[in-house]
Amino acid sequence: MDNESFGDGTRCVHAGLPAAAPGEPFLAGPVFAAPYHLDPVAGPRAGVDGYGRTDNPTWRALEAAIGELEGGECVVFSSGMAAISAVLLTTLRPGDTVVLPADGYYKTRAFARDHLAQLGVAVAQVPTAGPYPSLLDARLVLLETPANPGLDVCDIASLAEAAGDAVVAVDNTTATPLGQRPLEHGADLSVASGTKALTGHSDLLLGYVCGRDQGLMETVRAWRGVTGAIPGPFEAWLAHRSLGTLDLRLARQTANAAAVADLLAGHPAVRSVRWPGRPGDPSYEIAQRQLRRVPGVVTFTLAGKAEVDAFLSASRLVFAATSFGGLHTSADRRAQWGDDVPDGLVRLSCGVEDPADLLADLTRALDQVAPR
């Protein structure tokens, strides 16, 4: 089915499904297999499943679904870091230069520092909002937009053009393919953690890489097969099932984030608020041009650790957790993980709770920090 002409909700519900057949389920259950039967005479053949490290129909269905949403070929991985490290290690060689977001996911920077630099790869870090140096000498430019946790947004198309022959990859975790499709803005690869908003139920780990260049995608797929960075079939099936509600979940999370950002901006306990969908945010204008919808993550700053501790302890609905994009509203103090941010900076992931309940709970918790 060609789903490109449909709306987001329809595309999510039908992504990757097989053609309807009497007596068959809408989405087949997971296939659990290590070996598969081989032809006793011909042996292994292309296009026929042979071994579970490289072949699984449950993955293929999920890859078809995510590929439809991203607009390219998809390879799924066991986690977001497995996907990002695959892109880094298949693209870079000693003497190459990689450009990373200085304000992006801290584990990616740590991987570059602890592993890529030791392999002779030069690592340059640039804030997502810029200014950017010349990118023409880079082999790989990795963008993360909106950046996590600061939520700055960069112009993918402009940077892809400025990068010349460099491979441009975009970490699309925060936006999801319903928020933006990096491949349509000139990126070579879209890489993401499917653990977060894409699947949105806080019950699995997943990563993926999407692209339109056959050579790049063959290399990434081969890397997965050799390293074994594969998702379990049950996780892949759970992820595919969860995609059906992506549009609904994101719609509520975005609406909640808009209301929460306004609430935070008006509370005396809060020193700063970042949400790219809010007029006046430094990334508002570019977000309006590039993002089809703004994610449900809001970043704000309290006075320090003690104030964040009081806020999280007082809230009934906000879970203290280090992920985002799930059904439940959650928050964490990012400095405790190694992000170079103020001690009081909080990444708040808006869930799908009733807006009135969430706003009332946040108000009560913030009033414990600084009463009105």
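Here are the numbers for this structure:
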read-out	value
Cβ-Cβ under 6 Å pairs, at least 6 apart or on other chains, the range 159-183 side at pLDDT 95 or above, far side small (G, A, S) and part of a strand (DSSP E or B)	V170/S190; N172/S190; N172/A192; T173/A192; T173/S193; P182/S190; L183/S190
Options L88, L62, L116, L92: the member that is farther than 27 Å from R181 by Cβ, under 24 Å from the mean Cα position of the chain (by Cα) and surrounded by 15 or more Cβ atoms within 10 Å (Cβ to Cβ)	L116
Complete set of residues in the range 92-127 that are among the β-branched types (V, I, T) and either farther than 20 Å from S190 by Cα or in contact with a helix residue (DSSP H, G or I) (Cβ under 8 Å, 6 or more places away or on another chain) (or both)	V98, T108, V121, V123
Some residue of the range 91-105 being part of a helix (DSSP H, G or I) and either in contact (Cβ under 8 Å) with a residue 12 or more places away in the chain or of a type in the set (K, R) (or both)	yes
Matching option when the condition is of a type outside the set (S, T, N, Q), part of a loop (DSSP other than H, G, I, E, B) and touching a helix residue (DSSP H, G or I) at 6+ places or on another chain (Cβ under 6 Å), among A229, A259, A239	A229
Residue in the range 10-23 that is under 15 Å from E70 (Cα atoms) and among the small types (G, A, S) present	yes
Residue in the range 146-153 that is among the small types (G, A, S), open to solvent by less than 10 Å² (accessible area, probe 1.4 Å), over 22 Å from A82 (Cβ atoms) and in contact (Cβ under 8 Å) with a residue 24 or more places away in the chain present	no
Scan of the range 340-372 for residues that are in contact with a Pro (Cβ under 8 Å, 6 or more places away or on another chain) and closer than 14 Å to F300 by Cβ, ordered by number	V341, L345, R347, A370
Any hit, the range 164-185, residues being of a type in the set (D, E, K, R), closer than 25 Å to E63 by Cα and over 16 Å from the mean Cα position of the chain (by Cα)	yes
Search result, residues across the range 329-372 that are of a type in the set (V, I, T), part of a loop (DSSP other than H, G, I, E, B) and surrounded by fewer than 23 Cβ atoms within 10 Å (Cβ to Cβ)	V341, V352
Condition check for R271: out of contact with any helix residue (DSSP H, G or I) (no Cβ under 8 Å at 6 or more places or on another chain), open to solvent by 20 Å² or more (accessible area, probe 1.4 Å), within 30 Å of T91 (Cα to Cα) and in contact (Cβ under 8 Å) with a residue 12 or more places away in the chain	no
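The values are calculated or read from the model by the stated rules, or taken from the named source; none is laboratory data. All values reported here derive from a predicted model rather than from experimental measurement. A quick note on method: Cβ atoms are made from the backbone with ideal geometry, for glycine too, and the neighbour counts reach across all protein chains shown. SASA here: full protein model, heavy atoms, side chains in, ligands and nucleic acids out. Shrake-Rupley method; radii C 1.70, N 1.55, O 1.52, S 1.80 Å.
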